[in-house]
Amino acid sequence: MSLDLRIAEISSTAGNDSDGVVRGSVAQSLMVTSLTNVQMSSIVYAYRKDTETGFSQFTDLSTNSVSDVAFEPFGSTANLSANDAFILASDHEVKEIFVRITTPGVLTCDGIEILISTDGITFNTTLTNVIDGTNAFSNAAGVYRIELPGETGHVDSSPVPGEITSRRWHLVKFKNLTSVTTAPQINRVWLIHKDENITYSDNTDSVNASMTDNVFVEQTVFPTIGSTHYYAFPFLAYGMETAVFRKFPVTLTRSTEYLASDGTWKTLPDYVDPSNGLTNGPATLGTTAINYSRRWTIPSDWAEKTLQFPMSDSTTKTVTGYFIRQPITAISEYGPIARALWRARGRAFGVNNANGIYHRVATTYRAATFDVNIPSTSDTNIQLVNINTGKGTTFTIPANTSSSGAVTGQRIDLSPTLELRAGDSLLIAHASGLGNLGDVELRLQNG
C-alpha cells in the first residue's frame, strides 16, 4: 500500500493557514502554563566593615545597596585598608552576587577573596573557585557578576553578636591589598538564590491573552545564566506561534529541552525560533506585533508529565502537560531589563484540535519517495504526524535534489516508522529548512 500525493508547495508558509501544514490542519491552542524563574533579586542585607581606627566598625549599607545612589562598599580612598570588607547576606543561600560599578577602583591587590563561617563564630573559611567578574571592582562602569561555588558547611553567624542579626554572611575583601589610588563605588547589589531556593512566576494569563492585545503589565526582570522558562502543552505539539509586541533589549541565548518519558530533559530536535528567544521584534511597544513561528520535530519519547513548581507567592502550582523548558546559557549584558511583551499559542495535535488524511484501515509507513519540479537550495525537513496519537516522524529532502532516485537506495527510509490505526488521520507539514519546494509528488510506502 502507498499514499500518492501532489503538493503545490512545501515551505514554512505553505498551507491554508500559512503555517507549513500542507495536508490537514492544526488549530492554535492555549498554553497549559507558562512559568519563569527569572528573578530580580532577593532581599539584600549589607554592612561595611571599617578598621581604620584599629577597631572594627560596621555601617549598615542595606538601604544603599538597593537605592541606585553611589556609595563606597569598602570605604573611602583615604581610609580603605587591607582588613576592610563588604559583608552581604540574603534570606536564602546565595549563588551569585551582582554589582553595578559606578567608579572603578584603582588599587594594588591580588583580587578579592570571600569568607564564610563554618563554625558559627568567625569568618573562618575562604571560598575557593570564586569567579570574579568585577576584576576586584576595577572594571569600567557597568553590571558584573561574582559567581560563588558550593558552600559546604556554611552556617549562620553574626559579625557583631547581639547587634547584627545572625545570617549566612559573605565577607568580601581585597586580597593582599597594598595601595589604594581610588576606592571603588557601586550603586546597586543583587543577590541571586541558589537553585533550590528559586521560585516561579506565572505568566500564563498574559501569554494566553488575545494575540492582538497590546495591553500589558510592565515588569522588570534580571535574567541570569540558568534562569529558565517553562511551557506546557495540552498534547504533543510541533510548534508555537509567538506575537512579539516588544523584544528583550539584550541578547539572551537559550537551549531548548523537552521532558522525556524517562523523566530526563533532552534537547528538543530541529528547534527553529525566528524570534531568537524573544530578542527579535519591535524595540518599543506599539499597537501591532511581529509574529514568529517556532517549530521542532516531535520526539518519540516526549510524554505527558506532572510537575510541581514553588511559586513566588509561597504556594505550589501543579501542572500536567507536555513540557519544554528554555534555560539561559549566555547573556550579552547583565542587569535589570524590561521584560519582553508577547503572546503565544501552541500548535498541538489531538482529535479535538487537528484534522488530516483519514485512514480507514491500519497501516505503517516505512519509506518515502518523491519527485520535485522546483527543488530547494537547502535541505527541507518534512514531518509526518498521526494526529490521534501525536506520534510522528521526520525525513529530509536534500538540497538541490529533484528525485528520490538520486538518493542512496532510491528512497528515504522513515525512522521511526509511522503507525496509523484504523480511523487515525495523517498530517503532513514543513518542519524546518530555509527553502521552498514547488510542485511536489510525494509517495509514502508501507513496504
Taking a straight Cα-to-Cα line shorter than 19 Å from Lys317, and setting aside same-chain aspartates and glutamates fewer than 8 residues away, one finds Asp195, Glu196, Asp202, Asp205, Glu304
Answer in debye to the nearest 20: the dipole magnitude of the range 321-447 about its Cα centre, from +1 Lys/Arg and -1 Asp/Glu charges placed on Cβ, is 520
Set Lys95/Lys305; Lys194/Lys391; Lys173/Lys194, cut-off 31 Å on Cα-Cα distance; pairs above it are Lys194/Lys391
With x for Gly and Pro, the residue-by-residue ³J(HN,Hα) of the range 404-420, computed from phi through the Karplus equation 6.51 cos²θ - 1.76 cosθ + 1.60 at θ = phi - 60° and given in whole Hz, is 5, x, 8, 9, 4, x, 6, 7, 10, 6, 7, 9, x, 5, 10, 9, 10
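R0 = 41 Å: FRET efficiency of Thr128 with Thr13, Cβ-based, nearest 0.05?
Working: r = 54 Å, r/R0 = 1.32.
It comes to 0.15.
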Restricting to aspartates and glutamates and to Cα separations under 15 Å from Lys49, and discarding same-chain partners fewer than 8 apart, the set is Asp60, Glu72, Asp84, Glu113, Glu163
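What translational D, rounded to a whole number of µm²/s, comes out for the range 45-194 from Stokes-Einstein when the hydrodynamic radius is the Kirkwood one over Cα pairs, at 10 °C and 1.306 mPa s?
On the way: Rh = 15.3 Å.
Answer, rounded: 104 µm²/s.
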Karplus-derived 3J(HN,Hα) from phi for the range 289-301 (6.51 cos²θ - 1.76 cosθ + 1.60, θ = phi - 60°), whole Hz, x at Gly and Pro, runs 10, 9, 9, 10, 10, 8, 9, 7, 8, 6, x, 5, 10
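Name the trypsin sites (Lys or Arg not before Pro) in the range 322-364 that are in a loop by DSSP and that have at most 13 other C-beta atoms within 10 Å, would you?
Details: sites: Arg325, Arg339, Arg343, Arg345, Arg347, Arg360; in loops: Arg339, Arg360.
Here the sparse-neighbourhood loop sites are Arg360.
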On each of the three principal axes the extent of the alpha-carbon atoms of the range 328-375, given in whole Å and largest first, is 58, 34, 22
Note to self: C-alpha centroids of the range 372-414 and the range 268-295 sit apart, in Å, by 27
The range 294-447: relative contact order from alpha carbon pairs under 8 Å, six or more residues apart, as a whole percent, is 30
The Cα extents of the range 318-447 along the principal axes, largest first and rounded to whole Å, are 56, 37, 22
Taking alpha-carbon centroids only, the range 64-118 lies from the range 168-228 a number of Å equal to 17
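Run through the range 200-262 and list the trypsin sites (Lys or Arg not before Pro) located in a DSSP loop whose Cβ has at most 13 other Cβ atoms within 10 Å.
Of the trypsin sites (Lys or Arg not before Pro), not one in the loops of the range 200-262 has a Cβ with at most 13 other Cβ atoms within 10 Å.
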For 413-424, 24-35, ranked highest to lowest by mean beta-carbon neighbours within 10 Å, the order is 24-35, 413-424
Subtracting the Cα-Cα distance of Lys317 and Thr417 from 0.36 nm times their residue separation yields 32.3 nm
Taking only the Cα positions of the range 338-403, the convex hull volume per residue in Å³ is 168
Place a point 7 Å from the Cα of Thr288 in the direction of its beta carbon; the residues of the range 325-353 whose amide N falls under 20 Å from it are 341-345
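Relative contact order for the range 45-194 using alpha-carbon pairs under 8 Å, separation at least 6, rounded to a whole percent? Walk me through the numbers on the way to the answer.
Values: 381 pairs, mean separation 54.7, N = 150.
Relative CO of the range 45-194 lands at 36 percent.
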Taking the chain and counting helices only, DSSP H stretches of n ≥ 4 at -39,500 (n - 2.57) each over all residues, the nearest-500 ellipticity at 222 nm comes to 0 deg cm²/dmol
Asn352 and Thr165 label points (each 7 Å along its Cα→Cβ direction) are spaced in nm at 4.8
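Go ahead and run the numbers for FRET between Lys194 and Phe216, Cβ-Cβ distance against an R0 of 30 Å, rounding to 0.05.
Numbers: r = 31 Å, r/R0 = 1.02.
Calculated transfer efficiency: 0.45.
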Mean Cβ-within-10 Å packing, highest first, puts peptides 146-157, 75-86 in the order 75-86, 146-157
Note, the range 86-98: 3J(HN,Hα) by Karplus (6.51, -1.76, 1.60, θ = phi - 60°), whole Hz, Gly/Pro = x, goes 10, 10, 10, 7, 9, 7, 9, 4, 10, 10, 8, 10, 10
Under Stokes-Einstein, the range 1-133 at 37 °C and 0.692 mPa s, with its Kirkwood radius over C-alpha pairs, diffuses with a coefficient in µm²/s of 160
Computed over the chain, the distribution of all Cα-Cα distances in 20 Å bins, rounded to whole %, is 22, 41, 25, 11, 1
Checking Thr329, Thr256, Thr181 against a Gaussian network model of the chain (alpha-carbon springs below 10 Å), the top fluctuating residue turns out to be Thr181
Percent relative contact order for the range 1-80, counting Cα pairs under 8 Å at least six residues apart, stands at 16
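Values in this text are rule-based calculations from the coordinates and carry no lab data. All of these numbers come straight from a predicted model, not from anything done at the bench. Every residue, glycine among them, receives a Cβ derived from its backbone with ideal geometry; neighbour counts consider all protein chains shown.
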